[in-house]
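Comments concern the structure below.
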């Protein structure tokens, strides 16, 4: 348990020492969390990095937050976003359809026929993709808002502590200079 606390403390201090404004860090985390819930399988990191560069927010925070959707969490995230999207769209929730999404897909045809290989997949599972996007966008907006305000609050507080500590060090240096004894040169 102590090692988990130590690891959390380590990453907390690494985070607050990033050389960026609290606003930039918070926007980076929000962007990464938003991207992590969209059904952009396998390219979420690249999308987060590109959008972070375009929107001028912390690229490191965006990429790290986009990793919320990984091999362990993706089934839960996408099952939840599919269900939410299906409910909102009014389409029936069919888990077997989601499970069989890529079963009949011929990966070998992608290299020979290009994007036209994806047309049967799109036609067969169009409602699943739309539900995934609708649910993912809604969950993404909520997670992004929560992440933004949490990080902004945490980092602003830490930023202020760092600024206060620097000011105190400067004050101590000035006091030492005022009270420092004056030594005369002896030739």
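Per-residue answers, yes or no, for (1) modelled with pLDDT under 80; (2) in contact with a helix residue (DSSP H, G or I) (Cβ under 8 Å, 6 or more places away or on another chain); (3) surrounded by fewer than 13 Cβ atoms within 10 Å (Cβ to Cβ):
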site: 120; (1), (2), (3): yes, no, no
site: 138; (1), (2), (3): no, yes, no
site: 166; (1), (2), (3): yes, no, yes
site: 182; (1), (2), (3): yes, no, yes
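Could you run through segment 47-73 and say how many residues are part of a helix (DSSP H, G or I) and either under 23 Å from residue 11 (Cα atoms) or in contact with a helix residue (DSSP H, G or I) (Cβ under 8 Å, 6 or more places away or on another chain) (or both)? The number of residues fulfilling the criteria is 15. Comparison of 24, 69, 36 shows that the only residue that is within 24 Å of residue 149 (Cα to Cα) and at pLDDT 90 or above is 36.
The values are calculated or read from the model by the stated rules, or taken from the named source; none is laboratory data. In this text, all values refer to a predicted model and were calculated from it rather than measured experimentally. Every residue, glycine as well, gets a Cβ built from its backbone with ideal geometry; the counts of neighbours run over all protein chains shown.
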